[in-house]
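Read-outs: derived from the displayed coordinates by stated rules, not from any lab. Just so it is clear, the structure is predicted and the values come from calculations on it, not from any experiment. All Cβ positions, even for glycine, are placed from backbone atoms using ideal geometry, and neighbour counts span all protein chains on display.
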Amino acid sequence: MQDRFGRTIEYLRLSVTDRCNLRCQYCMPASGIEKHGHDHVLRNEDCIQIVRTMAALGIKKVRLTGGEPLVRRGLASMIAGIKAIEGIMEVTLTTNGLLLEDQIEDLKAAGLSRINVSIDSLNPETYQRLTRGGDLSAVMRGIEKAHSVGIQPIKINVVLIKGENDHEVDDFLRAFDPSVEVRFIELMPIGEAASWNKEKFLDLNALFSKRTDLVPALDHGHSGPCRYYRHVETGRYVGVINSISEHFCHTCNRLRITSDGMLKTCLHDTSEINLKPYLSDVVALEKIIIEAINAKPEAHHLNQVDSNPIVRNMYTIGG
């Protein structure tokens, strides 16, 4: 399936919950989330139905997000159901890793292909402060367990924040097994971060272009927005995602579905389509998805002076 700009849409980011066991400063207010009943979020069978319909339209890769997806009951069953859909090549997961140690074996057995773990500091005190209570040691144990059961590759997502963790770049480059990929991500002006984005924002293109220990990795074979390098000292792959300073909209191949069933064709666009009314009618569901893809915007406008960031917090959209 192609949109009106010739981009092939084959990647779905599916949020399975807006709940989280952390309160990261740039993602969620200190008071936590607004509580909703179970009928507020998509059921497992709803998620599988949506993916099945999208797979028929060309979706090949599904990433499960949140909130924190590991707090969702029945996640392994959902993964198995999605992986069994014809046309789905891989099911991946983005997690904060706190519950990974206890769940990774079941998730891998269900068909999970690989994981991204979000860690914004390797200093236990800084990590606890940024996440408002997170236990870094539990996350590290989860990563070790994932490595031991053969999850490959494991990717570490690091949102770089000026004055908070930008001095830890070298620590991240040298931490973990060399097979673990480290990806540095620009802070995006969304929700909680919108009010302090400019003072905390780092232009990663400017930051990493000065480094001589990172060599462009033409052998990575990746698809997506990440520019990959090889770290000379460790040999590990290092990714840089310049979502703001050098956006990748012209190659965007993704759709997003929030945990409450809203379809977003662009993270930074305010328009959303409620899929819940169409779940009982596959033909109508397919039609509304096609219409949404055809209306997908060409690019975000965050670099424009008069741009207004969306106020919806990231945990309600899906990381």
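Principal-axis analysis of the Cα atoms of the chain puts helix 100-110 at an angle of about 40° to the longest axis. Exceedance of the 31 Å cut-off in Cα-Cα distance is limited, within the set K276/K296; K108/K264; K108/K287; K61/K145; K145/K210, to K108/K287; K145/K210. Between S77 and I290, the distance separating the two model label sites (each 7 Å from Cα on the Cα→Cβ line) works out to 3.3 nm. Estimated from helical segments only, the mean residue ellipticity of the chain at 222 nm is -7500 deg cm²/dmol, where each DSSP H run of four or more residues counts as -39500 (n - 2.57).
Taken one residue at a time, the phi angles of region 154-159 give Karplus couplings (6.51, -1.76, 1.60, θ = phi - 60°) of 9, 10, 9, 9, 10, 7 Hz. Gly and Pro are set to x. Under the convention that each Lys and Arg Cβ holds +1 and each Asp and Glu Cβ holds -1, the size of the dipole of the chain around its Cα centre is about 360 debye.
DSSP finds beta bridges in the chain, and of those with both partners inside it, around 25 percent are antiparallel. With the charge dipole of the chain set up from +1 on Lys and Arg Cβ and -1 on Asp and Glu Cβ about the Cα centre, the Cα lying farthest toward the positive end among the listed residues I143, S118, I48 is that of I48. Quick check on the chain: take the gyration tensor over C-alpha atoms, sort the square-rooted eigenvalues as a ≥ b ≥ c, and tell me if it's rounded (a/c under 1.5), prolate or oblate. Rounded shape, in that the Cα axes give a/c under 1.5. Measuring r between the beta carbons of E199 and E144 and using R0 = 35 Å, the FRET efficiency lands at 0.45.
Here the Karplus relation 6.51 cos²θ - 1.76 cosθ + 1.60, evaluated at θ = phi - 60°, turns the backbone of region 122-133 into coupling constants of 9, 8, x, 6, 5, 4, 4, 5, 5, 9, 6, x Hz, with x for every Gly and Pro. Each of the peptides 161-172, 49-60, 92-103 was scored by the mean count of other Cβ atoms within 10 Å over its residues; in descending order, highest first, they stand as 92-103, 49-60, 161-172.
Pull out the extension gain between M89 and N274, defined as 0.36 nm times the separation in residues minus the alpha carbon to alpha carbon distance; nm, one decimal. Kindly include the intermediate steps, with their values, before the conclusion.
Working: separation 185, 0.36 × 185 = 66.60 nm, distance 2.61 nm.
Fully extending the segment from M89 to N274 adds 64.0 nm.
Among the cysteines of the chain, those whose beta-carbon sits 4.7 Å or more from every other cysteine beta-carbon are C20, C47, C226, C249, C252, C266. What does the charge count around E181 come to, taking other residues whose C-beta lies under 12 Å from its C-beta (Lys +1, Arg +1, Asp -1, Glu -1)? Once all neighbours under 12 Å are counted, the net charge is +4.
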